[in-house]
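Visitor: Handing you this structure, nothing more for now.
The values are calculated or read from the model by the stated rules, or taken from the named source; none is laboratory data. Note that the coordinates shown come from a computational prediction; the quantities given were computed from them, not determined experimentally. Methodologically, a virtual Cβ is constructed for each residue, glycine included, from the backbone with ideal geometry; neighbour enumeration extends over all protein chains shown. SASA here: full protein model, heavy atoms, side chains in, ligands and nucleic acids out. Shrake-Rupley method; radii C 1.70, N 1.55, O 1.52, S 1.80 Å.
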Amino acid sequence: MLFGRPDHRAIRNFSLYGSILLALLFVAVSPSHADTAAFDLSGPPVEINVTRAGKTLPISEVPNLQPGDRLWIHPDLPPGQLVRYLCVVVFLQGSTNPPPENWFTQTETWTKQVQQEGFVVTVPMGAQQALLFLAPETGGGFSTLRSAVRDKPGVFVRASQDLNQASFERSRLDTYLNAVKSTPDLDPQELKNRSGLLARSLELKLDQECFSKPIEQQESCLVQGNDQLLLQDGHSESMVAALTSGPSSDFIGAVSTTPAMAGNFYSPYVGSVVDFVRIMGNIHTAEFQYIPALAVPKDDQLNLRLNSPPSFHNPKSVLVVGLPPIDIAHLPPLRAVDAKAVFCLQKSPLVLPTEGSPLVFATQLGHNFSVRLKEKSGKEILLPATPDAARGGFVVDVHSLNLGEAGPVADGTLHGDWGFDSYTGPTYHLRSAHSEKWTIPPSAQATLVAGRDDTLDLHSDAAACVEKVSVENLAAKDLNATWKVPKTDELEVLLPLKDETSTSLKMFVAQYGLPAPDQVTLHPYSVEAHVDRFVINAGDHSGVLTGTRLNEVGSVELSGVHFAVAKLTSQGSTDDLVLSAQNPAAADGLHPDEPLTAQVKLKDGRVMDVQTTVEAPRPKVSLVNKSIEAGPSASFLQLGNPQELPQDGHLVFVLKSKVPDKFPPSEKVEVATVDGSFDAMLSVADGTLILQDSKSLLANLDPMKSFGPSAFGSLQFRPVDASGDKGDWQDLATLVRIPALEDIRCPASADKPCTLNGSNLFLIDSVASDSQFKDTVSVPIGYASHSFSVPRPSGTLLYLKLRDDPSTVDTISLPVLPQGQ
């Protein structure tokens, strides 16, 4: 909720209702209440049922009323209630149109008939909002209340909206807090998983730093400051229209910035109280004052929660209760978390991940949910479904589903009721477990070799129903295979065959709900290594052996040079084995175009001869010098590492040619990040390379132009000649992205933190007031705000570490301004 800055007009208004506001705020934001939710006093419950077109629902299942609805109301006051309450139901028709007098219904709750039978009211045509008042009985009290509503209907329209919104917020928070507190003790992973699912379902923002605390402190951390958890929920906002205007909003904005209202004390409920006090401040009388009663629906009861104790002396307290808005139904915008995901009907529990409407998970407004799919005969199957915020979606009850009743592939659609209206939700892709003949591509079977680990891909529409995969050799020994389902209808199994010599294996694929696993027979090949060629360039100290099953190779001898195994990579059925010379000086004696015979020695002692020709030398250069121009983004920043290159900076480096001894006009230089995500080719033709003379050139790199705004990390370069041969990679610089910082705002109190303002603050890893980072704060991953709380700087200096280079300490110098300017 947003409030404006205070002005003189708002301050003058304080005299009109300041005492009421401060009294309520003291209860809501007193430090003694900082760790408890506002609205923590129990009020009298009110039983309500709503009947529409012959169908009756409890109030907890009614998101909206409509003209013609019949409300049965029974205030459930205790038998020994000493104070007599009038129950007044009022229907409103907007903020600018006073309701007719016959839209007010008063009931004496102390009469025997009302205590036993309750009373009934009907929503009139043209009504838009509804409120219920519980007022201590006084002579003429009903007339006073009716006059107050008819004199200022807009005040009570806003009260209805605020109370409904606060009720929705309370439901979301209660659901979250109850679920976190029910997590098994000392299970940090369960707590983290459950909290993440709750945050997604209820659209909450968690403090990720809680999970770095000791396990015994994590739960209390996650439930502290719960006023900061709520994110904007468009669905509930569409159900409760918001109005914020008038001079009072300026005063409330001023109050919200005072110490009592700052930080964790300013909760959504306090916001609702502030709004309520703001709009009610000018209408209390010597006889009545109006206080909010937050309605927490459960079944057919509205359980009332009060934020301050009611007064039974003048001015007596009138409890104001919001009833559902009178409007068309706003159906929940539920959606599947992953529209392409596939789920197994036999898996228990079957959870369909769903998001988009916190109220579905936090209230009973949605009910009678089920997933509908069709069986093989075409008959519709209904499976009950229950929203479960802690599991992140709908839990489907599949106990009534017989094995084989549904087809192997089916789509299920969520259906249910939203109040009195039927609701159709997202559709999910479902699979049913069934005995299957798993398909192995011939190319995968052909590359399965005993003596090395391998990965096998199997295809079936039953992949989503796989519960366990095991592999045994001829001696029935379990090989401890691991597996996953990377794609729809695909099963990936990692076979640990490095120490296996068996040429026949059995793989067992167990599915949920099936009595016996599917069996697949595998035949790993036992084939000796096959060498295609050995390639080495003159001047290099390593070469590449190409062939199959090169894991059997132990070493290579070439013209007296001994090469040892360095790295093996495989692509399909072909292996590439890099071997490094153990005596580099001897390798320098290999000459281009020299025909030689390489002896490939296998680990079992066998030797294979391979005809080899030494290739022409690859291009080689040396880095002579480089210069980094920081760019405008670093104007406030002193980089702590001369290797850091700002993204909007400019890099000039000078290279000297070693092989060949002169640079040709066709020379190119490739610059790339170490992980290969971004690269650029510099050339003489495009002007990014400038020949200084025949043996040296100057290279110009504009990172933003060459790589775009997302590149970061260590940069490397290598020469590329006209034939495409590439030299070795060499380190160049560290590319960093720098946030746009504006200023530092500090409060007058020296023990309070300051605020760093700017954009792209997620590019910061951490900020400290000292270079040793003793007084430091970290910026969480995914931080999207334009301000961040930081330690008070020493003068105008702060120290920071960029996320792109967190090992370097940089220094920032920004204007330090008083907070509030």
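Visitor: Heavy atoms only, 1.4 Å probe, whole protein assembly: order I781, I764, I690 by accessible area, highest first.
Guide: I781, I690, I764
Visitor: Convert each backbone phi in region 358-373 into a coupling constant with the Karplus relation 6.51 cos²θ - 1.76 cosθ + 1.60 (shift: θ = phi - 60°), then list the ³J(HN,Hα) values in order as whole Hz, x for Gly and Pro.
Guide: x, 5, 5, 8, 9, 9, 9, 4, x, 8, 6, 6, 7, 9, 9, 9
Visitor: Amide H neighbours of D453 under 5 Å, at least 5 residues apart or on other chains, H built in the peptide plane: list them.
Guide: L497, K498
Visitor: While we're on this one: Using modelled backbone amide H atoms (1.01 Å from N, in-plane), which distant-in-sequence or interchain residues come within less than 5 Å of K316's amide H?
Guide: Under 5 Å from the amide H of K316 lie the amide H atoms of F288, Q289, each far enough along the sequence or on another chain.
Visitor: How large is ³J(HN,Hα) for each residue in region 90-103, as worked out from phi by the Karplus curve 6.51 cos²θ - 1.76 cosθ + 1.60 (θ = phi - 60°), to whole Hz, x for Gly and Pro?
Guide: 10, 10, 10, 10, x, 7, 10, 9, x, x, x, 5, 7, 8
Visitor: Just flag the chymotrypsin sites (Phe, Trp or Tyr not before Pro) in region 700-740 sitting in loop per DSSP whose Cβ has no more than 11 other Cβ atoms within 10 Å.
Guide: Of the chymotrypsin sites (Phe, Trp or Tyr not before Pro), not one in the loops of region 700-740 has a Cβ with at most 11 other Cβ atoms within 10 Å.
Visitor: Same structure again: Taking K205 as the anchor, which lysines have their alpha carbon closer than 16 Å to its alpha carbon, excluding any fewer than eight residues away along the same chain?
Guide: In chain and number order, the partners are K192.
Visitor: Separate question: Amide H neighbours of G640 under 5 Å, at least 5 residues apart or on other chains, H built in the peptide plane: list them.
Guide: For G640, whose amide H was placed from the backbone, the distant partners under 5 Å are D810, T811.
Visitor: With a 1.4 Å probe and all protein chains kept in place, how do H434, H786, H367, H523 rank by accessible area, largest first?
Guide: H786, H523, H434, H367
Visitor: Same structure again: Tell me, what ³J(HN,Hα) does each residue in region 423-432 have, in order and in whole Hz, if you take phi through Karplus 6.51 cos²θ - 1.76 cosθ + 1.60 with θ = phi - 60° and put x for Gly and Pro?
Guide: Once θ is set to phi - 60°, the couplings for region 423-432 become 9, 10, x, x, 10, 10, 8, 10, 10, 10 Hz.
Visitor: Which of K152/K298; K658/K705; K774/K801; K626/K668; K468/K506 have a Cα-Cα distance over 21 Å?
Guide: K152/K298; K658/K705, as the Cα separations exceed 21 Å there.
Visitor: Over region 292-409, what is the percentage of antiparallel beta bridges among all DSSP beta bridges, to the nearest 5?
Guide: About 90 percent, rounded to the nearest 5.
Visitor: Between L177 and L698, with labels modelled 7 Å along Cα→Cβ, what's the label distance in nm to one decimal, could you check?
Guide: So the label points at L177 and L698 sit 6.8 nm apart.
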